[in-house]
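The values are calculated or read from the model by the stated rules, or taken from the named source; none is laboratory data. From a predicted model like this one, the values you see are computed outputs, not experimental measurements. All Cβ positions, even for glycine, are placed from backbone atoms using ideal geometry, and neighbour counts span all protein chains on display.
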Amino acid sequence: MSDVHIAVDKDAKTSELTQKMAGPINAVKILRSKLNFLIAAVKNSPQLRQNKGFMRRLNQIVSSTPITTTETYDSQFFGEYSDATALNMLTSVTQSCQQLQALVDDFKVLDQSKNAGASQSMDDKMDFGFGGARSGGMMRQLNKRRIGR
C-alpha cells in the first residue's frame, strides 16, 4: 500500500491529533490559571492596584496577548474544523479506494489463475479445430484477450 497518513491509530486509545494537542492544551490551561490568579489578585488587593510598576508590567502583558472576539474565534475555529474534517474524510475515502483496489487485484489474480488452469487443460485436449496446443491456436488467443495480455 502507498503512504497514507491515517489520523487515528487503530491500536491507540487516543487519536494522534489528541496526542499532539495535549501539550498546547495544557499550556493554555496553565496560562488561563495564571491570568485568573492575576485578575483575582488585582481585584482583591488595593495595594497591588496602587503599585505603578506592577500595573505597568501587567498592562504590557495584557497588550501583548492577542485578544479575539467570540464571533471571530468561532468563524476561524469552524473553518479549521471543517478543513480537518474534510481531510479526515479524504483520508478515509483514499484508504477505502486502496482497499477496494487491493480486492480487485486479488480477484484478478484468482480469476487469471482459474482461467489459466482451465484454458491450459482445454488446449492440451484439443489437437484440431481451433488449433490446439501444438499450433498455439484460437483458444489460446481468446484466453489472452480475456486476460488482457
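Would you confirm, using the coordinates I've provided, whether I6 is at pLDDT below 80 and hydrophobic (A, V, I, L, M, F, W, C)? So I6 passes the test. Remark: pairs (first residue in segment 22-38, closer than 16 Å to T65 by Cβ and basic (K, R); second residue modelled with pLDDT of 90 or more and in a helix (DSSP H, G or I); Cβ separation under 9 Å; 6+ apart in sequence or on different chains) are absent.
Against the conditions (1) exposed (fewer than 11 other Cβ atoms within 10 Å of the Cβ); (2) in a helix (DSSP H, G or I), I67 satisfies every one except (2).
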